[in-house]
1. Would you mind listing the strands (runs of 3 or more DSSP E) fully within the range A:53-164 where at least 2 residues are open to solvent by 80 Å² or more (accessible area, probe 1.4 Å) and at pLDDT below 95?
2. List the residue pairs whose Cβ atoms are under 8 Å apart, where the first residue sits in the range B:289-304 and is more than 20 Å from A:ARG21 (Cβ to Cβ) and facing chain A (nearest Cβ under 10 Å), the second is hydroxyl-bearing (Ser, Thr, Tyr) and open to solvent by 10 Å² or more (accessible area, probe 1.4 Å), and the two are 6 or more positions apart or on different chains.
3. Can you work out which of the residues in the range B:272-288 that are small (Gly, Ala, Ser) and more than 9 Å from chain A (Cβ to nearest Cβ) is surrounded by the most Cβ atoms within 10 Å (Cβ to Cβ)?
4. Please enumerate the residues belonging to the range A:54-83 that are away from every other protein chain (no Cβ under 14 Å) and under 22 Å from B:PRO221 (Cβ atoms).
5. I'm trying to understand the selection: among the residues of the range B:27-63, which are under 14 Å from B:ARG142 (Cα atoms) and in a helix (DSSP H, G or I)?
6. Could you figure out which of (1) touching an Asp or Glu at 6+ places or on another chain (Cβ under 7 Å); (2) part of a strand (DSSP E or B) isn't true of B:VAL69?
7. Residue by residue through the range B:126-138, note down the ones that are open to solvent by less than 60 Å² (accessible area, probe 1.4 Å) and farther than 18 Å from B:GLY199 by Cα.
8. Filter the range B:348-395 for residues that are under 17 Å from the mean Cα position of the chain (by Cα) and among the aromatic types (Phe, Trp, Tyr) and give the result.
Amino acid sequence: MQISRIASPLKLLTIALKVGRVTKKYPFGPPLLTESFRGAISIDPAKCWGCGACTLVCPPNALTMRLEGEKIVLEYFKGRCIFCGMCADTCPANAIIVTKEFELAATSVEDLKEDVIHKMSKCAICGKPFVATAEIRDVMKMQPITEEYANICPECRKKRAVKAFGMRFGAST
Amino acid sequence: MSMKDVVKEIEGKVVEFGGVVETITDTAVFVEIPKERVKEFAKWLYNAGAFLKTCAGVDERSINSRFAVYHIFGLDEKGIDVVLRISSLEGEALPSIASEVPAAEWCELEARDMLGLHILGHESKPRLVLPQDWPNAVYPLRKDVPYDYRPPSSVENFGKELPSEVGLPVGPYHPILHEPEYFELYVEGERVVDVFYRGFHVHRGIEKLAESPRFTYKTIPFLAERICGICGFVHSSCYVLTVERAAKIEVPERAQFIRSIVLEIERIHSHLLWLGVAAHILGYDAGFMHIWRIREPIMVLAELLTGSRKTYGINIVGGVRRDIDESKKKKALDVLRNVREEFKRFVEVFTSVPEIVKRATGTGVLPKDDARALSVVGPTARGSGLRRDVRKDYPYFAYRLASFKVPVYSEGDNLARLLVRVDEVFESISIVEQLLDALPRGSIAVESYEIPSFRKAVGAVEAPRGEDVHFIITGHGRPYRWRVRAPTYQNIPALKIMLRNTPLADAFLTIASIDPCFSCTDRAVVIRDVRSGFRRFASLFEGRRYANK
C-alpha cells in the first residue's frame, strides 16, 4: 500500500517516456496550421470596387475608407485586425480573401498598413468627384442602367428628379 | 409544478405586492414592483428558492424620464427568470435589497457608481467600479455621457485619498499574468484574518461602447467575445442568445448544435488550463506541463472547427458562420478519443500526488449556506453542494438533446472544486461526441431578421467558471442597454469567506480555485501583517514559497 502510494506519482515517468518530445521545431518543421485557419486578409485591387461594404461590417475598424483629393483610399491596418473574416464574407466583388498568413510582426507601424487606391469619377453635372470609377464600371455590368444616369452624383440626381417633377406641374425652371 | 403554475403563483404575488406583470415570455417573467415593497418581494422570491443572478441599472430618461434597476432572479428548479423592475425619478432614492439578498451588494454598488443612483444604505461605501481619480459627478453609463469621454487625468483628483505608504510598483499589474486585480490579505502570523479586494482595474466600458454608433447588432458578438480571453465564446453566445430571445428569432438547429459543440470544446480547454495552473501554483510543474500538452490538441481542434485557436469569431445573430463537415467531424472524434484516454491516465497520477491532494483537502472551505447566500455559480457552487448548472436548469442551444451528469461535491474545499472540473472534462467530451453524432442537416444561419426596439430579454450560458448572464434592452440598430455579468463577478465575494482563518500558504490556491477571470471582472496579492504593519507584494505563483517555509 505504502509502496504503491509512493510509486503511483512516478507513473508520470512512463507517460513522459512514451509521449517523448512534443515541442515542434518552429519555424523549420511542417506548418502548424489547420485548413480552416484565418489569418490576415488580402485585397485584390483589380477586383475591388471601392464600395466600402467591408468597412461597415469590420468590427474593429481595421478597414477604413478616406478621401484624398480625387482619390478614394481603402486602408487595411493589420494592427487592428481581429482576423474574423467578416469582410471576405461581405465583399460583393469577392476581392477579399482570407489568407493563412500570421507572421505579421513589423518594425514600423506603416508596414502594417495596406492601401487600395481608387480613382474617382466626376459628376457629369456638378463636376464633384463622388464615387470610385471601378464601382460605376462594375455596377453597370450588373445592372442595366445608362451611363448618363450612372455618371451623375446622388445630389444632382435628386435635383434633376425634383426639377423634372416640377416641370410636369408647370414650374417655370 | 408546471411552468404555468409557477407563473401564476408569481403573478398572484406580484398583484398582492401592488405590482404589475409586464410581459411573460417562455423563459422569463418581467414584473414591476413599487419600490417601497421590493424588499419584501425580493425576500419572498429568495425564500422560494430563487438565486440572484445580477441587477442592472438603466438610464431610461429618454424613454420615460426615469432611472430603473432590474433585479434578475432565477428560479433554478423551474428554469424561469424573474426580472423585477423598480424605478425612480432623477435624484430620488431607491431601496437596496442587499440586506435580504446578500448577493445584490456588488451590482447595486455598480449601479450607484456607473449611473449615480441613490441607493439607500450604500451612501458611505467606497467606490467599487470607478477608479479613485474619476471625477465626482460623471456617471459613465448615463446616456448623456459620450461613449468616448475621457476624464482629465489629474493628480488633484487623488487628493486626500492618496495613501501615505506606497508599496513597490510590482502589483497590481503583474508581469507574468495578464489580469490585474488587487487583494490585500491581513495576516496574523501565518493566518489570514481579513481580506480586502479592489478590482475593476481593467474595466473597459464595453457595455457603454456597445451603445455607441461604432457598433451594430452584427458586430457586437465580436466585441462580446473579447470580454474574456478564455471563455470568450460564452460571452458571444450569450449575447446572441439574448438578442435572439428578445427578437424571437428562430435559429436553425444545426447552428444550435455547432454553438453547443464549440462551447463544450471551450470548457474542456479552459478546465485543462485551470488544472495546469493549479498544479503550477502547488509546485507540481511536471503535471502542469503534461496537462497543457494534453490540452494542445483541443486548441488545434478548435482552430479546425472555427478558424481560430481562441476568440473563434463564428457567432452572429441568427446562427453561426462556420460549418462542421464530415471530415472535420471525423478528425474531431479522433482527437476527443485520444484526449479522453490521455487525460484519464494522467488524472490517476495527478490525484495521487501528495502535494496536490494534501494541500487541496480542507483548504478554502465555502460552506453550502454561504454559497447559497452569495448565489455563487459554476464549479464553485457545485463544489459546495449546490446543484446549479445552466445547461440543465435553463436548457439552451442543443443541451436539451445531450445526456450528461452534473458533478456535485459537498465538501466545499479546493479539492472538491478541482474534482468538479476533472469530472466536467469527461462530461464535456461525451457531450461533444453525442452532439457531433446527432448533428442535424440544414442551414447554419437565418437569412434575415428584424429586431424590434425596447424588448427585454435575459440570457444565461454556462461558462467554464459558472453562469454568465446577459441582459438586453433592444434599441435602434444596437442595444439600448446591454448588461454583462461574468461568472467571476458572482464568485469573488465568496473568497472572503474561503480565505478567512486559512494559512497564508493556501491563500494563493484558494484565490485561484474559483478560476478567477478578472478581465471579465493581477493576481498580485498584498500581504500585510496586522501586528507589525509589514507589507509586501507577492504573485499568485509564490504560494509554494510559503508552503516550503
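The values are calculated or read from the model by the stated rules, or taken from the named source; none is laboratory data. Being a predicted model, the structure only gives us computed values, none of them experimental. Cβ sites come from the backbone with ideal geometry, for glycine too, and all protein chains shown count toward neighbours. Side chains included, ligands, DNA and RNA excluded: accessible areas come from the protein's heavy atoms. Shrake-Rupley method; radii C 1.70, N 1.55, O 1.52, S 1.80 Å.
1. Strands (runs of 3 or more DSSP E) meeting the threshold: A:63-68, A:113-122.
2. As it stands, the answer is B:ALA302/B:SER308; B:GLU303/A:THR34; B:GLU303/A:SER36; B:LEU304/A:THR34; B:LEU304/A:SER36, since those pairs meet every condition given.
3. Initially, the range B:272-288 is screened for residues small (Gly, Ala, Ser), giving B:276, B:278-279, B:283, B:286-287.
Those still in the list that are more than 9 Å from chain A (Cβ to nearest Cβ) too: B:276, B:278-279, B:283.
Details: B:GLY276: 21, B:ALA278: 25, B:ALA279: 23, B:GLY283: 17.
Result: B:ALA278.
4. A:TYR76, A:PHE77, A:LYS78, A:GLY79
5. Result: B:ARG61, B:SER62, B:ILE63.
6. In the conditions (1) touching an Asp or Glu at 6+ places or on another chain (Cβ under 7 Å); (2) part of a strand (DSSP E or B), B:VAL69 misses (1) alone.
7. Across the range B:126-138, the qualifying residues are B:PRO135, B:VAL138.
8. B:TYR394
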